[in-house]
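To start, the structure itself, in structure tokens.
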Amino acid sequence: MSARSPDDTEVKTTTGDGSMEIRLSLVADGGEVAIDTEDGVLRGPEHVIDIIDLMRGTA
């Protein structure tokens with residue numbers, strides 16, 4: 001997911017088994033977000049995270 005170039009507003013990838021797509025979309029004027037974890041603080045631009053089940057509806 002770190003492959004987003006500075007001019008891109010969206011980046012997406014699929015899981016290794018191809019069953020899910022993960023898409024990060026940059027929030028316009030979203031500012032910076034900080035997420036506190038046990039190991040420190042993760043900081044970065046605000047994104048919307050979409051996780052899509054690519055196997056939904058398949059048998």
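Rank-order 46-57, 18-29 by packing density, defined as the average count of other C-beta atoms within 10 Å over each peptide's residues, highest first. Could the numbers behind the result be given before it?
Numbers: 46-57: 11.1, 18-29: 13.1.
Final packing ranking: 18-29, 46-57.
Stretch A3-M20 to full length: gain in nm at 0.36 nm per residue minus the Cα-Cα span?
Values: separation 17, 0.36 × 17 = 6.12 nm, distance 1.78 nm.
Extra length from A3 to M20 when fully extended: 4.3 nm.
Which of T14, V33, I49 sits closest to the plus end of the dipole of the chain, meaning its Cα is farthest towards the positive end, when Lys and Arg get +1 and Asp and Glu get -1 on the C-beta?
It is T14.
Give, as ranges by residue number, the residues of region 45-59 whose backbone N falls under 16 Å from the point 7 Å along Cα→Cβ of A28.
It comes to 46-48, nothing else.
For H47, list long-range residues whose amide hydrogen, built 1.01 Å from N in the peptide plane, is under 5 Å from its own amide hydrogen.
Residues meeting the criterion, in which the H sits 1.01 Å from N, are V27.
³J(HN,Hα) across region 38-46 via Karplus (A = 6.51, B = -1.76, C = 1.60, θ = phi - 60°), whole Hz, x for Gly/Pro?
Running phi through 6.51 cos²θ - 1.76 cosθ + 1.60 with θ = phi - 60° gives 4, 9, x, 10, 9, 10, x, x, 5 Hz.
Two decimals is fine: what is log10 I(q)/I(0) at q = 0.14, 0.20, 0.26 Å⁻¹ for the chain, from a Debye sum with one equal scatterer on every Cα and no solvent?
Here log10 of I(q) over I(0) equals -0.51, -0.86, -1.07.
Values in this text are rule-based calculations from the coordinates and carry no lab data. All of these numbers come straight from a predicted model, not from anything done at the bench. In this analysis, Cβ positions are derived from the backbone assuming ideal geometry, glycine residues included, and neighbour counts consider all displayed protein chains.
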